[in-house]
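Asker: Sharing a structure below in structure tokens format, with a few things to ask.
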């Protein structure tokens, strides 16, 4: 399927991987500046109005935990403290 955007930045961001999803830790997103968060959420809200297919994150997705040697891998962001944890930032990009 082609679109007006060519390959685009997202295509290049994923690089040579075959990944079909990008999963972002809540802690990382909440640690970004508030104006960045507002822009990010606004873009997410626009998706259903731009994509010509049924799309809704509210329907949920199945996420499978990463395993190493048959055991669950440690999640470095697993202690998100019910959304209150923030990471130290380097400043605005």
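Asker: Run residue 58 past the list (1) at pLDDT 75 or above; (2) within 16 Å of the chain's Cα centre (by Cα); (3) closer than 19 Å to residue 26 by Cα and report the number of the one that doesn't hold.
Answerer: The single condition residue 58 does not satisfy is (1).
Asker: Quick one: in the stretch 13-45, of everything that is in a loop (DSSP other than H, G, I, E, B) and surrounded by 11 or more Cβ atoms within 10 Å (Cβ to Cβ), which residue is modelled with the lowest pLDDT? Even if it seems obvious, please write down each step before you answer.
Answerer: Initial filter on the stretch 13-45 (in a loop (DSSP other than H, G, I, E, B)): 15-25, 31-33.
Pick out the ones that are also surrounded by 11 or more Cβ atoms within 10 Å (Cβ to Cβ) and you get 25, 31-33.
Working: 25: 85, 31: 88, 32: 90, 33: 90.
Of everything passing the filter in the stretch 13-45, 25 is modelled with the lowest pLDDT.
The values are calculated or read from the model by the stated rules, or taken from the named source; none is laboratory data. Just so we're clear, the structure is a prediction, and the values are computed from it rather than from any experiment. Cβ atoms come from the backbone with ideal geometry, glycine included; neighbour counts cover every protein chain shown.
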